[in-house]
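The values are calculated or read from the model by the stated rules, or taken from the named source; none is laboratory data. Since this is a predicted model, take the numbers as computed values, not measurements. Positions of Cβ are generated from backbone atoms using ideal geometry, with glycine treated the same way; all protein chains shown enter the neighbour counts.
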């Protein structure tokens, strides 16, 4: 069997009470498939609230998860949500934020998009979620971008997907990933939805000036030294108590200090994006709360102003915070009306 990096091997797995949740075999490319609705235990990914949109739309969604190898031989977790009862309008590719993951924290977003007729694909970046690697550690932001680009394109190039439009969907640091994926191949993507993108760090997220000045010197010696404090800011970024509870109890979310190399990479890519916003040419919708204390809303304003895209939309929501999905229900509905309306207007063409 060919298990070269980048190749995905798909096998059927019968789920029973004795079947492990994830493959324990050293065959890292094993693809575990399961569908929503097969049983109560498998109605939605582990950790999802039974009152969430994911649970509400469970009969309309097919959920699958698997693993793929990146070009460096690391095993990366992948997941997808697809409509059971309607044609797929287009493909949406989720880029999660720093310390995050896709299958649990982005499941409600995916459920809403699938209910609107989209096929949604996610990947846990190396060092994040259920993927391999030192947790919360980013040795190279370019590697993360390449991994996402390679996997997303492998999905797009499947025969059943070649005529579908392709949209990137990034939250926080994931917005930066999405923009960098676009910059790697500017003509490949049909659009992007960016929620509170990390294109200009807020003062509250910047490492101490002493740490910044020492980063370049120290990273060469101890890049994995986790000395940059990462205080719990959930009470400042999330309003929904249930959402906060789920984040705090999610074992796949990294909650420790930030490594020096990680801090260096995040700072470097933020500066790069801010300097080269004119290279953004794809259609995009950027949404952000005006009271965001993590990603500076001025960054979204600058992106909208400086991007070369002819089709660009900025939505700033007064009084809202960083995690738009954790706003009060009425506000979340308003946000997704904006998102889905924007997507629907640009997914009307059936072929590329």
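Just a few scattered comments:
Per-residue answers, yes or no, for (1) closer than 27 Å to residue 222 by Cα; (2) part of a loop (DSSP other than H, G, I, E, B):
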| position | (1), (2) |
| --- | --- |
| 80 | no, no |
| 97 | yes, yes |
| 110 | no, no |
| 114 | no, no |
| 133 | yes, yes |
| 136 | yes, yes |
| 144 | yes, no |
| 151 | no, no |
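- On inspection, residue 110 fails the criterion of being within 15 Å of the chain's Cα centre (by Cα), surrounded by fewer than 24 Cβ atoms within 10 Å (Cβ to Cβ) and at pLDDT 95 or above.
- Positions within segment 314-331 being assigned to a helix (DSSP H, G or I), farther than 24 Å from residue 302 by Cβ and in contact (Cβ under 8 Å) with a residue 12 or more places away in the chain, in sequence order: 326, 331
- For segment 48-80, filtered to residues that are touching a helix residue (DSSP H, G or I) at 6+ places or on another chain (Cβ under 7 Å) and more than 25 Å from residue 135 (Cα to Cα), the residue that is modelled with the highest pLDDT is 61.
- Residues of segment 138-152 include none that is under 25 Å from residue 244 (Cα atoms), surrounded by fewer than 22 Cβ atoms within 10 Å (Cβ to Cβ) and in contact (Cβ under 8 Å) with a residue 40 or more places away in the chain.
- Residue 253 vs. criteria touching a strand residue (DSSP E or B) at 6+ places or on another chain (Cβ under 7 Å), over 30 Å from residue 87 (Cα atoms) and part of a loop (DSSP other than H, G, I, E, B): no
- Residues of segment 257-297 that are surrounded by fewer than 15 Cβ atoms within 10 Å (Cβ to Cβ), more than 13 Å from residue 141 (Cα to Cα) and at pLDDT below 95: 275 alone.
- Residue 122 meets each of the listed conditions (1) over 15 Å from the mean Cα position of the chain (by Cα); (2) over 30 Å from residue 227 (Cβ atoms); (3) free of Cβ contacts under 8 Å to residues at least 60 places away in the same chain apart from (1).
- Where a residue in segment 86-115 is free of Cβ contacts under 8 Å to residues at least 40 places away in the same chain and its partner, wherever it lies, is in a strand (DSSP E or B), with Cβ under 8 Å and at least six apart: 102/77; 102/79; 102/94; 102/122; 102/123
- Checked against the criteria, residue 304 counts as buried (at least 16 other Cβ atoms within 10 Å of the Cβ) and without any contact (Cβ under 8 Å) to a residue 24 or more places away in the chain.
- If you go through segment 235-246 and keep only what is at pLDDT below 95 and crowded, with 20+ Cβ neighbours inside 10 Å, you end up with 243, 246.
- Applying the condition of being assigned to a loop (DSSP other than H, G, I, E, B) and either in contact with a strand residue (DSSP E or B) (Cβ under 6 Å, 6 or more places away or on another chain) or free of Cβ contacts under 8 Å to residues at least 60 places away in the same chain (or both) to segment 174-190 and asking which residue is nearest to residue 141 (Cα to Cα) yields 185.
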